[in-house]
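S.K.: Let me begin by handing over the structure; questions about it come next.
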Amino acid sequence: MEFYQYGFKAMGTPCEIQLFATTQAQAKQVADTAIADIRRLEARYSRYRSDSFLSAINRAAAIGGSIEVDAETAGLLDYAATCHQQSDGLFDITSGILRQAWRFDLGTLPDQKTIQKLLAKIGWHKVRWQNPILEFTVPGMEIDFGGIVKEYAVDRAAALCQSQGIRHGIVNLGGDIKIIGPRADGNPWRIGIRHPRQQDALADTLLLRQGALASSGDYERCIIIGGIRYGHILNPKTGWPVKHLAAVSVASDFCVIAGSASTIAMLKEDQGPAWLESLGLPHYWFDVEGRAGGPLFT
């Protein structure tokens, strides 16, 4: 078997599919199929495209209306509702509207009045979801699948590769990873965990033969004002960034579970490590004081 590697950009991040295949033609066909599905999901759920289904949902939300959704979107909404419930309301797909206040490119803090106005339009409990109808009770709301859809795309891409005979490979969408069996020689894949405070440095390297890995952190988009770091993971109840954990990585059978668990842990702040322990999923966390913990995928 030969090793093949395909790099591309999707969902605003560098992506890569690595796989072992018997021929280059097989490898390219498999990779093209997986990449096409990733691009399909990006086109369907991008908030940046006016022709996306997400934009159609948000046009209904803007007027406090309702919309009928398809089975795939219903599955994402059901998962979002589960995450909301299991996080005590901290994982909330209606909170993306806070980006109107938090402009990290401007390097300034938002006005509290602006945040308060947005908070009035946030809350999964303000949405009526009865499959297949999604209804918004407050005009001006939005939903954003940013915390779910990339990880869902990873899981789907890996499943598509497997369905076409690939037994050794890895799908990596901007650090959200799903492994399709070990390398062809049986050795594990080497996966680096990014250090949240040292640029281009790794905190650790994991050896994984199966499963998925996802990370959340305050390093992706942030501003530092008065020596205080303000990251992009925002508490939907206060409108302000979380400030206890700097980064969390979680392993699971599915990337979508690893991704939501890492984000919820960040949102739970000082309760995050204990919550991760209660899940029983392998994980690694760093706090803003430089402390690290977790079973480190043992």
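S.K.: Using the structure shown, decide if Asp51 is charged (D, E, K, R), open to solvent by less than 30 Å² (accessible area, probe 1.4 Å) and not in a strand (DSSP E or B). Step through it out loud before you land on a result.
M.R.: Details: charged (D, E, K, R): yes; open to solvent by less than 30 Å² (accessible area, probe 1.4 Å): no; not in a strand (DSSP E or B): yes.
Against the criterion (charged (D, E, K, R), open to solvent by less than 30 Å² (accessible area, probe 1.4 Å) and not in a strand (DSSP E or B)), Asp51 does not qualify.
S.K.: Determine, yes or no, whether Asp204 is out of contact with any Cys (no Cβ under 9 Å at 6 or more places or on another chain), over 17 Å from Ala247 (Cα atoms) and either open to solvent by 40 Å² or more (accessible area, probe 1.4 Å) or part of a strand (DSSP E or B) (or both).
M.R.: Criteria not met by Asp204.
S.K.: Restricting attention to the stretch 166-176, does a residue exist that is polar (S, T, N, Q) and in contact with a Lys or Arg (Cβ under 8 Å, 6 or more places away or on another chain)?
M.R.: Step one: filter the stretch 166-176 for residues polar (S, T, N, Q), giving 172.
Next, from what is left, pick out any that are in contact with a Lys or Arg (Cβ under 8 Å, 6 or more places away or on another chain): none.
For the stretch 166-176, residues polar (S, T, N, Q) and in contact with a Lys or Arg (Cβ under 8 Å, 6 or more places away or on another chain): absent.
S.K.: Looking only at residues in the stretch 227-243 that are in a strand (DSSP E or B) and open to solvent by less than 40 Å² (accessible area, probe 1.4 Å), which one is farthest from Thr94 (Cα to Cα)? Write out each step before concluding.
M.R.: Residues of the stretch 227-243 in a strand (DSSP E or B): 228-231, 234, 241.
Next, only the ones that are open to solvent by less than 40 Å² (accessible area, probe 1.4 Å) stay: 230-231, 234, 241.
On the way: Tyr230: 20, Gly231: 18, Leu234: 12, Pro241: 16 Å.
The qualifying residue farthest from Thr94 (Cα to Cα) is Tyr230.
S.K.: Let me ask you something else. Which numbered condition in (1) surrounded by 20 or more Cβ atoms within 10 Å (Cβ to Cβ); (2) out of contact with any helix residue (DSSP H, G or I) (no Cβ under 9 Å at 6 or more places or on another chain); (3) of a type in the set (Gly, Ala, Ser) is the only one that Ala184 fails?
M.R.: Against the list (1) surrounded by 20 or more Cβ atoms within 10 Å (Cβ to Cβ); (2) out of contact with any helix residue (DSSP H, G or I) (no Cβ under 9 Å at 6 or more places or on another chain); (3) of a type in the set (Gly, Ala, Ser), Ala184 comes up short only on (1).
S.K.: Here's a check for you: in the stretch 1-39, which residue that is of a type in the set (Lys, Arg) and surrounded by 13 or more Cβ atoms within 10 Å (Cβ to Cβ) is farthest from Asn187 (Cα to Cα)?
M.R.: The first filter runs over the stretch 1-39 and keeps only residues of a type in the set (Lys, Arg), leaving 9, 28, 39.
Pick out the ones that are also surrounded by 13 or more Cβ atoms within 10 Å (Cβ to Cβ) and you get 28, 39.
Values: Lys28: 23, Arg39: 31 Å.
Once the filter is applied, the top-ranked residue is Arg39.
S.K.: Against the definition (surrounded by 21 or more Cβ atoms within 10 Å (Cβ to Cβ) and in contact with a strand residue (DSSP E or B) (Cβ under 8 Å, 6 or more places away or on another chain)), how does Leu173 come out, yes or no?
M.R.: Numbers: surrounded by 21 or more Cβ atoms within 10 Å (Cβ to Cβ): yes; in contact with a strand residue (DSSP E or B) (Cβ under 8 Å, 6 or more places away or on another chain): yes.
Answer is yes for this residue.
S.K.: Of the residues Ile63, Ile57, Ile67, which single one is touching a helix residue (DSSP H, G or I) at 6+ places or on another chain (Cβ under 6 Å) and either β-branched (Val, Ile, Thr) or in contact (Cβ under 8 Å) with a residue 40 or more places away in the chain (or both)? Give the derivation first.
M.R.: Values: Ile63 fails: touching a helix residue (DSSP H, G or I) at 6+ places or on another chain (Cβ under 6 Å); Ile57 fails: touching a helix residue (DSSP H, G or I) at 6+ places or on another chain (Cβ under 6 Å).
Only one candidate passes the filter, namely Ile67.
S.K.: Sticking with this structure for a sec: Take Val171 and tell me if it is under 30 Å from Ile67 (Cβ atoms), modelled with pLDDT of 95 or more and of a type in the set (Val, Ile, Thr).
M.R.: On the way: under 30 Å from Ile67 (Cβ atoms): no; modelled with pLDDT of 95 or more: yes; of a type in the set (Val, Ile, Thr): yes.
No: the conditions fail for Val171.
S.K.: Scan the stretch 220-248 and report the pairs whose first residue is in contact (Cβ under 8 Å) with a residue 12 or more places away in the chain and under 19 Å from Glu289 (Cβ atoms) and whose second residue is part of a strand (DSSP E or B) and charged (D, E, K, R), with Cβ atoms within less than 7 Å and a gap of 6+ or a chain change.
M.R.: The qualifying pairs are Cys222/Arg229; His244/Asp287; Leu245/Asp287; Ala246/Asp287.
S.K.: So which residues in the stretch 223-254 are under 16 Å from Gly175 (Cβ atoms) and either aliphatic (A, V, I, L, M) or at pLDDT below 90 (or both), if there are any at all?
M.R.: Ile233, Ala246, Ala247, Val248, Val250, Ala251 - these are the residues of the stretch 223-254 that are under 16 Å from Gly175 (Cβ atoms) and either aliphatic (A, V, I, L, M) or at pLDDT below 90 (or both).
S.K.: Next question, about the same structure. Does Ser278 satisfy the condition of being of a type in the set (Gly, Ala, Ser) and touching a residue at least 12 places away in the same chain (Cβ under 8 Å)?
M.R.: Numbers: of a type in the set (Gly, Ala, Ser): yes; touching a residue at least 12 places away in the same chain (Cβ under 8 Å): no.
So Ser278 does not fit the description; no.
S.K.: Exactly one of these conditions fails for Gln271: (1) touching a helix residue (DSSP H, G or I) at 6+ places or on another chain (Cβ under 9 Å); (2) surrounded by fewer than 17 Cβ atoms within 10 Å (Cβ to Cβ); (3) part of a strand (DSSP E or B). Give me its number.
M.R.: Against the list (1) touching a helix residue (DSSP H, G or I) at 6+ places or on another chain (Cβ under 9 Å); (2) surrounded by fewer than 17 Cβ atoms within 10 Å (Cβ to Cβ); (3) part of a strand (DSSP E or B), Gln271 comes up short only on (3).
S.K.: Within the stretch 103-153, count every residue that is within 17 Å of Leu76 (Cα to Cα), more than 22 Å from the chain's Cα centre (by Cα) and open to solvent by 60 Å² or more (accessible area, probe 1.4 Å).
M.R.: 5
S.K.: Could you count how many residues in the stretch 16-45 are of a type outside the set (Gly, Ala, Ser) and touching a helix residue (DSSP H, G or I) at 6+ places or on another chain (Cβ under 7 Å)?
M.R.: The first filter runs over the stretch 16-45 and keeps only residues of a type outside the set (Gly, Ala, Ser), leaving 16-20, 22-24, 26, 28-30, 32-33, 35, 37-42, 44-45.
Filter once more, keeping what is touching a helix residue (DSSP H, G or I) at 6+ places or on another chain (Cβ under 7 Å): 17, 19, 30, 33, 37-38, 41, 44-45.
So the answer is 9.
S.K.: Filter the stretch 159-195 down to residues that are aliphatic (A, V, I, L, M) and out of contact with any Cys (no Cβ under 8 Å at 6 or more places or on another chain) and give me whichever is nearest to Thr263 (Cα to Cα).
M.R.: Of the residues in the stretch 159-195, the ones aliphatic (A, V, I, L, M) are 159-160, 166, 170-171, 173, 177, 179-180, 184, 191, 193.
Now drop any that are not out of contact with any Cys (no Cβ under 8 Å at 6 or more places or on another chain), which leaves 159-160, 166, 170, 179, 184, 191, 193.
Numbers: Ala159: 23, Leu160: 26, Ile166: 30, Ile170: 22, Ile179: 20, Ala184: 32, Ile191: 19, Ile193: 16 Å.
The selected residue is Ile193.
The values are calculated or read from the model by the stated rules, or taken from the named source; none is laboratory data. Fair warning: this is a prediction, and the values are worked out from it, not measured in the lab. All Cβ positions, even for glycine, are placed from backbone atoms using ideal geometry, and neighbour counts span all protein chains on display. For the accessible areas, the whole protein counts, side chains as well, though only heavy atoms, and no ligand, DNA or RNA atoms are used. Shrake-Rupley method; radii C 1.70, N 1.55, O 1.52, S 1.80 Å.
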